[in-house]
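The values are calculated or read from the model by the stated rules, or taken from the named source; none is laboratory data. Since the model is a prediction, treat every value here as computed from it, not as a measurement. Cβ placement follows ideal geometry from the backbone for every residue including glycine, while neighbour counts extend to all protein chains displayed.
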Amino acid sequence: MRQPVPFFLLILFFIVYTVPAAGQVNLRFSGYVVDLPMYQRLPSALASLADLDQDMAVNLTRLRLRPGLDLWEGASLSLEHEVDVLYRSQSMLFAPTAGQTNRQVADLRWQLLEEDHVSLQHYVDRLYFRQNLSWGNIIAGRQRIQWGSGRIWNPTDLFNPINPASFDKIEKDGADAVSAKVYLGTFTDIQAVVNFRRARGHRGDDDVPDSTNAGVRFRTNYSEFDIAVMGGYFDRRVTIGGDFAGNLFGAGVRGEAVYAGDQEHRLNSAYLRLIIGADYQFTPELYGLIEYLYNGEGHTDPGKYELLRLFRGEILNLGTKYLYLGGSYRVHPLVVANIGLMGNPGDGSGFLSLVAGWSSSENSTVSAGLLLPYGGENDEFWYYPASLYLKGELYF
């Protein structure tokens, strides 16, 4: 059932109609269109289990419109509205179109067409009012909250997580929230966020009452390092953590960690999630990256993997330990080749990602990619299809 639009979103519409008569309203507009044709192949055992063909063709077209209004001094209203058209030759285990996330309370999606092979939907992914003040800013609405420093994983980004294997995503999904940031110095600030959401039970089976996430993050700078600490209440868990990023012997280094209690608020039954990583620009053309994730909420036994929570977007990883190795090489001023290898040492599965991108003009890119999962039956990445894809992006 469609949820009612929450009070804080109604405020955004009210603001538009209460702009001071003397105010100078300025309209901004930008956007992009992406076309992503792909061929996917499922493991034979999984295809048989799901009663699907091994091979399938998919095409996703995304049109994203980003209008904005500058209302009065320091005030703006921003909207990001997307239209998705998806063709698939059969049903999909991982549909690449957006759904309501568990960081959203309002269902701002509209399904215009749903046929056997074609679907058309449009939705609001950002809609927020921002007021800049001399001491900071206040933002209300569906927004992107940027916490963390990791390149592949962001344990402290508890408002807008994204699966690293999702090559079809460009932005992280917006969260329905009110946030306030106070500047305490040139590189020091404190931010408080309240996130309104529609939650489900821990196992993802039964609806539970609306719940709220809330967090506070303090960020500062020491020597060559940005340092932050955070704490709050997320997914009915008391959570504390922090992150850092800086330079060491010419390399970029970063780390994040969160420690979360169980849903009865007992920290002695908590889990730890952390990352540590580094990157280095070896030459103007060659760049390398390494990142390690420890996921204390995961399992070492594939038989205990919580697949339903993964499919519902409540968790991003099933296992406990992961390693990512990646890099890029500029083979031409307009062409960049990227490679990434992610592995789950616990079950021996992972994936290889290869992408080559060409900047075809100042506002367009064309790329070709290959995602090759590996692993045994019922291992984590066994469920992901092998994908060969093209991607065209045009910005305006």
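Any chance you could count how many residues in the range 10-49 are at pLDDT below 95, among the hydrophobic types (A, V, I, L, M, F, W, C) and surrounded by 11 or more Cβ atoms within 10 Å (Cβ to Cβ)?
13
Going through the range 185-213 one residue at a time, which ones are modelled with pLDDT under 95, part of a strand (DSSP E or B) and surrounded by fewer than 18 Cβ atoms within 10 Å (Cβ to Cβ)?
Within the range 185-213, GLY185, ARG200, ASP207, SER211, THR212 qualify.
Taking the condition of being assigned to a loop (DSSP other than H, G, I, E, B) and touching a residue at least 12 places away in the same chain (Cβ under 8 Å), how many residues in the range 43-59 meet it? Give the steps one after another, and end with the answer.
Of all residues in the range 43-59, those assigned to a loop (DSSP other than H, G, I, E, B) come to 43, 50-54.
Adding the requirement that they be touching a residue at least 12 places away in the same chain (Cβ under 8 Å) leaves 43, 50, 52-54.
Qualifying residue count for the region: 5.
Residue by residue through the range 284-316, note down the ones that are out of contact with any Phe, Trp or Tyr (no Cβ under 9 Å at 6 or more places or on another chain) and closer than 15 Å to GLY250 by Cα.
PRO284
Look through TYR292, TYR329 and report the one residue that is under 20 Å from the mean Cα position of the chain (by Cα), of a type outside the set (Val, Ile, Thr), outside any loop (DSSP other than H, G, I, E, B) and surrounded by 14 or more Cβ atoms within 10 Å (Cβ to Cβ).
After applying the criteria, what remains is TYR292.
For SER360, state whether it is hydroxyl-bearing (Ser, Thr, Tyr), in contact with an Asp or Glu (Cβ under 8 Å, 6 or more places away or on another chain) and in contact (Cβ under 8 Å) with a residue 24 or more places away in the chain.
Spelling it out, it is not the case that SER360 is hydroxyl-bearing (Ser, Thr, Tyr), in contact with an Asp or Glu (Cβ under 8 Å, 6 or more places away or on another chain) and in contact (Cβ under 8 Å) with a residue 24 or more places away in the chain.
Here's the yes/no breakdown for (1) over 19 Å from ASP55 (Cα atoms); (2) among the polar types (S, T, N, Q); (3) surrounded by 16 or more Cβ atoms within 10 Å (Cβ to Cβ):
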site	(1), (2), (3)
GLY340	yes, no, yes
GLY343	yes, no, yes
GLY348	yes, no, no
GLY357	yes, no, yes
SER364	yes, yes, no
TYR383	no, no, yes
LEU390	no, no, no
TYR395	yes, no, no
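Consider ILE275 against the criteria (1) of a type in the set (A, V, I, L, M); (2) closer than 30 Å to GLN104 by Cβ; (3) over 19 Å from the mean Cα position of the chain (by Cα): it satisfies all of them except one. Which criterion is unmet?
(3)
Given the options SER328, SER364, SER359, name the one that is within 20 Å of PHE282 (Cα to Cα) and hydroxyl-bearing (Ser, Thr, Tyr). Working first, answer last.
Values: SER364 fails: within 20 Å of PHE282 (Cα to Cα); SER359 fails: within 20 Å of PHE282 (Cα to Cα).
Just a single option satisfies the conditions, and that option is SER328.
Looking only at the range 254-268, decide whether some residue is surrounded by fewer than 16 Cβ atoms within 10 Å (Cβ to Cβ), modelled with pLDDT of 90 or more and under 30 Å from GLN100 (Cβ atoms).
Within the range 254-268, none of the residues are surrounded by fewer than 16 Cβ atoms within 10 Å (Cβ to Cβ), modelled with pLDDT of 90 or more and under 30 Å from GLN100 (Cβ atoms).
From the residues in the range 88-119 that are part of a loop (DSSP other than H, G, I, E, B), of a type in the set (Gly, Ala, Ser) and modelled with pLDDT of 80 or more, which one is surrounded by the fewest Cβ atoms within 10 Å (Cβ to Cβ)?
To start, the set of residues in the range 88-119 that are part of a loop (DSSP other than H, G, I, E, B) comprises 89-108, 115-117.
Within this subset, residues satisfying the condition of being of a type in the set (Gly, Ala, Ser) are 89, 91, 95, 98-99, 106.
Those still in the list that are modelled with pLDDT of 80 or more too: 89, 91, 106.
Values: SER89: 15, SER91: 13, ALA106: 22.
For the range 88-119, the residue satisfying everything is SER91.
Does ILE275 fit the bill of being among the aliphatic types (A, V, I, L, M) and closer than 29 Å to GLY99 by Cβ?
Against the criterion (among the aliphatic types (A, V, I, L, M) and closer than 29 Å to GLY99 by Cβ), ILE275 qualifies.
Consider the range 80-95. How many of its residues are touching an Asp or Glu at 6+ places or on another chain (Cβ under 9 Å) and closer than 21 Å to SER30 by Cα?
Going through the range 80-95 one residue at a time, the tally reaches 3.
Taking the range 120-156 as the region of interest, how many residues are in a loop (DSSP other than H, G, I, E, B) and either touching an Asp or Glu at 6+ places or on another chain (Cβ under 6 Å) or in contact (Cβ under 8 Å) with a residue 60 or more places away in the chain (or both)? Write out each step before concluding.
Kept after step one, since they are in a loop (DSSP other than H, G, I, E, B), are these residues of the range 120-156: 134-135, 144-156.
Pick out the ones that are also either touching an Asp or Glu at 6+ places or on another chain (Cβ under 6 Å) or in contact (Cβ under 8 Å) with a residue 60 or more places away in the chain (or both) and you get 147-156.
Here the count works out to 10.
Which is modelled with pLDDT of 90 or more, over 25 Å from LEU63 (Cβ atoms) and basic (Lys, Arg), of ARG142, ARG151?
Selected residue: ARG151, the only one of ARG142, ARG151 that is modelled with pLDDT of 90 or more, over 25 Å from LEU63 (Cβ atoms) and basic (Lys, Arg).
Taking the range 295-326, which residues are surrounded by fewer than 18 Cβ atoms within 10 Å (Cβ to Cβ) and modelled with pLDDT of 95 or more?
Listed by number, the residues that qualify are LYS321, LEU323, LEU325.
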